[in-house]
Amino acid sequence: MIRTWMLAGLLLFGFVQGASAQQPADPDDAVKDQLVQAYRILVHEGVLDGFGHVSARSVKDPGIFYMPRAMPPSLVTKEDILALRVSDSQPIDAQGRKVNGERYIHGEIYKARPDVMAVIHSHSQSVIPLSLTPIPLKPVIVQAGFLPLESPTFEIRDVRGKEARGMQVTNEKRGAALAKELGNGPVILMRGHGDTVVGHSIKQAVVFAVYIDTDARMQTQAMLLSHHIVTLNQAELFGENEFDINRPWEYMLAKTMTPEQKAKIDHSQFGLTQTQKKQ
């Protein structure tokens, strides 16, 4: 009997030890996985080219954001991702790697917008023509109902100074000015440079960036037919809970998958009510 109790005690002790040794999954690990997926989607959709970058705020620490080293977007892997401080946009440990010069776009937006969890800067070829004209980007297609009636354009000459050079946002002053001009909106155009899109999740930012690119292309094509185009009005815009972000995200992600990966997709996730939680 004593031996039985001793054996039971040892087994119980081993179980408790094993349970305590199992660490909970790191939520930021999932963020990094999704960040890599975001790059694949945006490259496939033609939003990112040889340049452009995506970042995501840490789930565990809002004072940290993740962003890959300076490299072609099409080659980004999880191992390329570095952690940077929101306070100064500097890497916590660069590991001898070159970090992206325009990281201040991301850091200053995270600093100004606690609600933002992901930032995308791209050289969208559809958006750039509108950034060169007095005509603002407007929502013209139903999927762009998240846009305001007019989106702002950032003019770097207003903050660069007479002696400084360049079009890039390569310091805190330029990044802070961009963040201020963005305000509470989802996007800001950058004259001759592209745009910067933000979201409350990586999924949302990616879907917004793709539909902004499409919306800009549809707007300019319509303007070739007539200067008098019909854009969405206030009643036709939608709120976050009225748009299923997960559906276009899964559609775009599936286009980057192999047939075997597609076969493993969980079809039970689709449907507006239950997928709103997946944003």
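The values are calculated or read from the model by the stated rules, or taken from the named source; none is laboratory data. If you're wondering where the values come from, they're calculated on a predicted model, not measured in any experiment. Cβ placement follows ideal geometry from the backbone for every residue including glycine, while neighbour counts extend to all protein chains displayed.
Quick look at the numbers
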| item | result |
| --- | --- |
| Elements of type helices (runs of 4 or more DSSP H) in the stretch 183-279, at least 1 residues being of a type in the set (Phe, Trp, Tyr) | 202-225, 246-254 |
| The listed residue being at pLDDT below 85 and more than 20 Å from Gly145 (Cα to Cα), out of Gln276, Gln269 | Gln269 |
| Looking only at the stretch 92-111, and only at residues there that are hydrophobic (A, V, I, L, M, F, W, C) and either outside any helix (DSSP H, G or I) or over 16 Å from the mean Cα position of the chain (by Cα) (or both), the one that is farthest from Gly183 (Cα to Cα) | Ala94 |
| Failed criterion for Pro114 (all others in (1) buried (at least 18 other Cβ atoms within 10 Å of the Cβ); (2) in contact (Cβ under 8 Å) with a residue 40 or more places away in the chain; (3) under 17 Å from the mean Cα position of the chain (by Cα) hold) | (1) |
| Residue list for the stretch 43-70, filter: part of a loop (DSSP other than H, G, I, E, B), surrounded by fewer than 20 Cβ atoms within 10 Å (Cβ to Cβ) and in contact with a strand residue (DSSP E or B) (Cβ under 7 Å, 6 or more places away or on another chain) | Ser58, Gly63, Ala70 |
| Number of the condition not met by Val169 [criteria: (1) without any contact (Cβ under 8 Å) to a residue 60 or more places away in the chain; (2) aliphatic (A, V, I, L, M); (3) touching an Asp or Glu at 6+ places or on another chain (Cβ under 6 Å)] | (1) |
| Residue count, the stretch 151-179 (criterion: part of a helix (DSSP H, G or I) and either surrounded by 14 or more Cβ atoms within 10 Å (Cβ to Cβ) or small (Gly, Ala, Ser) (or both)) | 10 |
| Among (1) under 24 Å from Asp244 (Cα atoms); (2) more than 15 Å from the chain's Cα centre (by Cα); (3) assigned to a strand (DSSP E or B) - the single one Val119 does not satisfy | (2) |
